[in-house]
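The structure under discussion appears below in the form of structure tokens.
Every number in this text was worked out from the coordinates using simple rules, so none of it is lab data. No experiment lies behind these values; they were computed from the predicted model shown. All Cβ positions, glycine included, derive from the backbone under ideal geometry; neighbour counts span all protein chains shown.
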Amino acid sequence: MKLSILANAAILFSLAFAISSICIPLIIKIAKKNQLYSNNGGGRHVHEGLIPRLGGVAIVVGFIFSQLYLILITPLNPAFYIEYYFLLLSFFILFILGLLDDIVDVGSYFKFFVQLLVAIILVWNADIRIFSFYGLFGLYELPVIVSYVFSILVLVFFINAYNLIDGLDGLSCLVGLYVLLCFLFVFLINEQYIEIMLAISAIGCLLGFLLFNKSPAKIFMGDSGTLSIGLLIAFFSIRVSNLPLDFSENINPVIPMVVLSYPVIDTLRVFFRRILNGNSPFSADRNHIHHALFDLGYGHTKSSILIIFSSVILTFIIYFLREQHTFSFFVSVILILLMSQLPFYLLNRKK
């Protein structure tokens, strides 16, 4: 990588980190003054006392300023202009949606509708989509209509999946950092300059936020943060699904799912459980995997570290199987299911 690119990456990271971390104390002060605290609906958040929930504002402010710097220093490829600006537009729309929900609670179905609209905008207007399964299940290039529909569903699902794991101090931040670092590795291998800079900006913002979100948390990310970062993660997952994972031409679309294994399996599990119990899939509750780990006595930090450690092990296993697409998919499904059920098995034995 050229020295100038490394220098710009360092500046971008420093800018995002500094702005995010500097803004947090001011946001905490404003949130406390206006009593904008986490309502802990359904017991989703495990905390005591009143904790402000507008941390996403600092993350987004840091990200936007870093992108302004990126626009100033980078002559974007005209072919990428549309995609990049539609991504930033969608990012801003979900930030506003999340901010409104943090302040006045706009309702889960309205949030879902806006997320769906944003996904359609990105897929239809910016052509951000999954083009092929690259041999997974014996499938290759997807029919256009299948590609559009599947990509929209993937975007909406990953945005929601990341949004739902904000239940322990530092958890959503650490998961976000892990996912972004994994995707950054793939972007570096493939020399995807803009994606590298976007990922570095997001990493800087999350690290700045983590200083105040680690246990005991002084502030939560809120929907303004989880929806915004969730969009970036969803965008990156589609990008990575179309890129080689090493210096060969091998592309395995299973890898993004594995990197996002925790939010994916946790979301699927709670959605199906709620539906089977006759509840809305979007209703908040305390049946997440991280809640089971917390109830086992691991606390905020150890529970989060266990989740990241499990994700790292799973990612390494599937990465070494990356040339065997369908086999790696079934291995990942079996391992994810086993790892996700273990905390509940141990909790039931404890009870």
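At a glance:
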{"item": "Inter-label distance for residue 85 and residue 282, nm, one decimal - labels placed 7 Å from Cα along Cα-to-Cβ", "result": "3.1"}
{"item": "Potential lengthening between residue 338 and residue 139 on full extension [0.36 nm per residue; Cα-Cα distance subtracted]", "result": "68.9 nm"}
{"item": "Student exercise, the chain dipole from Lys, Arg, Asp, Glu Cβ charges, in Debye to nearest 20", "result": "1020"}
{"item": "Modelled FRET efficiency - R0 25 Å, residue 103 with residue 124, Cβ distances, 0.05 increments", "result": "0.25"}
{"item": "Mean Kyte hydropathy of 0.5 or more with a Cα span along the axis of at least 24 Å, helices from DSSP in the chain", "result": "3-33, 55-73, 78-104, 108-126, 144-163, 171-189, 193-213, 222-241, 299-320, 325-350"}
{"item": "Distance from region 276-327 to region 331-351 (C-alpha centre basis), Å", "result": "9"}
{"item": "Lys/Arg +1, Asp/Glu -1 at C-beta; the chain dipole; positive extreme among 326, 103, 69", "result": "103"}
{"item": "Theoretical gain in end-to-end length, residue 112 to residue 296 [0.36 nm per residue, Cα-Cα removed]", "result": "63.0 nm"}
{"item": "Of 190, 309, 139, farthest towards positive along the dipole that unit charges on Lys, Arg, Asp, Glu beta carbons give the chain", "result": "309"}
{"item": "Label selected from [x] 50, 21, 16; [y] 29, 26, 19; [z] 38, 23, 18, the criterion being semi-axes √(5λ) of the Cα gyration tensor in Å as computed here", "result": "[y]"}
{"item": "Residue-averaged 222 nm ellipticity for the chain, from DSSP H runs of 4+ at -39500 (n - 2.57), nearest 500", "result": "-24500 deg cm²/dmol"}
{"item": "Exposed GluC sites (Glu not before Pro) absent - longest run of the chain, DSSP non-H/G/I/E/B, at most 13 other C-beta within 10 Å", "result": "49-190"}
{"item": "Radius 13 Å from Cβ of residue 340, net charge of other residues (Lys, Arg +1; Asp, Glu -1)", "result": "+1"}
{"item": "Euclidean distance between Cα centres, region 111-153 to region 222-253, Å", "result": "13"}
{"item": "Sequence-separation-based contact order of region 226-351, relative, with Cα cut under 8 Å and 6+ spacing, percent", "result": "28"}
{"item": "Built amide H within the under 5 Å cut-off of residue 132, gap 5+", "result": "142"}
{"item": "Candidates per chymotrypsin sites (Phe, Trp or Tyr not before Pro) in region 159-267, loop by DSSP, up to 14 other Cβ within 10 Å", "result": "247"}
{"item": "5 Å-binned pair-distance histogram of region 204-297 (Cα, whole percent)", "result": "2, 10, 13, 17, 20, 17, 11, 6, 2, 0"}
{"item": "Sum of side-chain charges, residue 84 neighbourhood, beta-carbon under 15 Å (Lys, Arg +1; Asp, Glu -1)", "result": "-2"}
{"item": "Relative contact order computed over region 3-350 (Cα-Cα under 8 Å; 6+ residues apart), in percent", "result": "24"}
{"item": "Mean projected area in nm² (Cα convex hull; one quarter of hull surface) for region 46-173", "result": "10.3"}
